[in-house]
1. Can you report the number of residues in the stretch 1-30 which are within 15 Å of H42 (Cβ to Cβ) and open to solvent by 60 Å² or more (accessible area, probe 1.4 Å)?
2. Here are some residues: E21, E4. Which one is among the acidic types (D, E) and assigned to a strand (DSSP E or B)?
3. List, please: which pairs have Cβ atoms under 6 Å, are six or more places apart or on different chains, and start with a residue in the stretch 32-48 that is within 11 Å of E21 (Cβ to Cβ) and end with one that is in a helix (DSSP H, G or I) and among the hydrophobic types (A, V, I, L, M, F, W, C)?
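The values are calculated or read from the model by the stated rules, or taken from the named source; none is laboratory data. In this text, all values refer to a predicted model and were calculated from it rather than measured experimentally. Reconstructed Cβ throughout: ideal geometry from the backbone, glycine too, with neighbour counts over all protein chains shown. Heads up: the accessible areas ignore ligands, DNA and RNA and are worked out on the full protein's heavy atoms, side chains in. Shrake-Rupley method; radii C 1.70, N 1.55, O 1.52, S 1.80 Å.
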Amino acid sequence: MRYEIRIDGHLSETLAKAFPELGHVAMSGQTVLYGPVVDEAHLYGLLARCQSLGLRVVEMRQLPE
């Protein structure tokens, strides 16, 4: 499964390194994290990581293969 997670604001390179398994791109006042998600536990782990870093998730969606 591939996912896209949109974060409010632009992530610094330091914060982006907290998600080594995902690519990232900044656009329109947001940062888009994208890449493979192994399973549901991995997905919840990514969301928990966002929360622990104080990041505001504005959208999350599964991408077509």
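1. Filtering the stretch 1-30 down to residues within 15 Å of H42 (Cβ to Cβ) leaves 1-5, 18-22.
Narrowing the set further to residues that are open to solvent by 60 Å² or more (accessible area, probe 1.4 Å) leaves 1-2, 20-21.
Result for the stretch 1-30: 4.
2. That would be E4, the only listed residue that is among the acidic types (D, E) and assigned to a strand (DSSP E or B).
3. V37/L43
Let's see how each residue does on (1) more than 10 Å from the chain's Cα centre (by Cα); (2) acidic (D, E); (3) surrounded by 10 or more Cβ atoms within 10 Å (Cβ to Cβ); (4) part of a loop (DSSP other than H, G, I, E, B):
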| site | (1), (2), (3), (4) |
| --- | --- |
| G35 | no, no, yes, no |
| V38 | yes, no, yes, yes |
| Y44 | yes, no, yes, no |
| C50 | no, no, yes, no |
| E59 | no, yes, yes, no |
